[in-house]
1. Under the classification rounded if a/c is under 1.5, otherwise prolate if a/b is larger than b/c and oblate if not, where does segment 57-184 fall, given a ≥ b ≥ c as square roots of the Cα gyration tensor eigenvalues?
2. Roughly what would the spin-label model give for Glu229 and Glu93, points 7 Å off Cα along C-beta, in nm?
3. Let a ≥ b ≥ c be the square roots of the eigenvalues of the Cα gyration tensor of the chain; is it rounded (a/c under 1.5), or, if not, prolate (a/b larger than b/c) or oblate?
4. For Lys40, Lys182, what's the fewest-to-most ordering of other Cβ within 10 Å of each Cβ?
5. In whole Hz, with x marking every Gly and Pro, tabulate ³J(HN,Hα) for segment 172-177 from phi via Karplus 6.51 cos²θ - 1.76 cosθ + 1.60, θ = phi - 60°.
6. What ranking of Tyr112, Tyr11, Tyr231, Tyr79 emerges when the number of other C-beta atoms within 10 Å of each C-beta is taken as an exposure proxy, fewest first?
7. Just want the answer: with Cβ charges of +1 for Lys and Arg and -1 for Asp and Glu, which residue in Gly27, Ile58, Leu135 is farthest toward the dipole's positive end in segment 1-135?
8. Give the distance, in whole Å, between the Cα centre of segment 163-241 and the Cα centre of segment 5-52.
Amino acid sequence: MLSVRDLDFAYNSHPILDGVSFELCAGDILALLGTNGAGKSTLLKCLNHILKPRLGTILLEQQELGRMSRDAIARKTGYVPQRSADSHLSVFEAVLLGRKPHMRWTMSARDYALAEQIIGELKLADVAQRPVSDLSGGELQKVVIARALAQTPQLLLLDEPTSNLDLKNQLEIMSLIRGIVKQKKLAAVIAIHDLNLALRFADRLVLLKDHRVHAAVRNSDLTPEIIREVYGVNAVLVDVSDHTVVVPL
C-alpha cells in the first residue's frame, strides 16, 4: 500500500529526515515513535506533500505522490493534524468538507449520504447538528477523523490523535482507528508518544533517532535495548492481560 524510500527533508540547511525508508501493507497500522523533535510530524506532512521532501520517493498503491495533483493526493490520503482549528460549522458540515477533493461543481446526493453514513459509524449522530466548537475533546477528535474518512482515502495519517485526551478517550479513539483500518482495509501511520498505546494498537513500529529510522519492527519485536537506544531510558516489557506494556525502571 505505502512504500517510502530514502526520504530526506530539511528546514533551510537543518536536516530533519535523512534516508527514511519503510513499507506498510493495507489493513496495518504503523506507529511513528521517537523523542520530541525526532521528525515524526514532519514525516507525516511529507507523506501527503504538505511538505515537499528534498529527496526520496513515496509510492501509494504504486503511484508516486510527487507526480500527483493536490486534489489527487487528498483523494488518497486522509490527514488528521495534531491541532484542529476551532469552527462554528456543525458536525455534519465539518464532516461533509471531507468530500471537497471529490467535488466537481457542488455536493452530490452521494456526498451527503456518505457523510451521514460516516457520522453514524463513528456514533456522532446525536451531535450532528451541534457546532464543532461546543464539542468535548473526544467528540472533536472523532469529527476530525470522520472528515478524513469522508475523503475515502487509502491511507490515514494521524498526528498525535490521543493528545490532550483522558485515558478512556485515548483507548476509545485508538480502538476506533484500529477498527476502521481493519474493516476498510486502509493503511494508517500514526505519530504517537505513548509506547503502550503503540504496542496495544499498532502492527508495526518505526522508531526515529538522529533524523533516521533507528528501528523498524513488528510490535511484538520491540526490545528493551531499542527503547534504551532511542529514549535513553531503561525499561522492561511485561505481559499483562494479553497486552505487552513498557515499564520504565
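Nothing in this text is a laboratory measurement; each read-out follows from the coordinates by a stated rule. Computed from a prediction, not measured in an experiment: that's the story for all the values here. No Cβ is skipped: glycine too gets one built from the backbone with ideal geometry, and neighbour counts run over all protein chains shown.
1. oblate
2. Roughly 5.2 nm, to one decimal.
3. Taking the square roots of the gyration eigenvalues as a ≥ b ≥ c, the chain is oblate.
4. Values: Lys40 26, Lys182 14.
Exposure proxy ranking, most exposed first: Lys182, Lys40.
5. 5, 5, 5, 5, 4, 4
6. Tyr11, Tyr112, Tyr231, Tyr79
7. Farthest towards the positive end: Ile58.
8. 16
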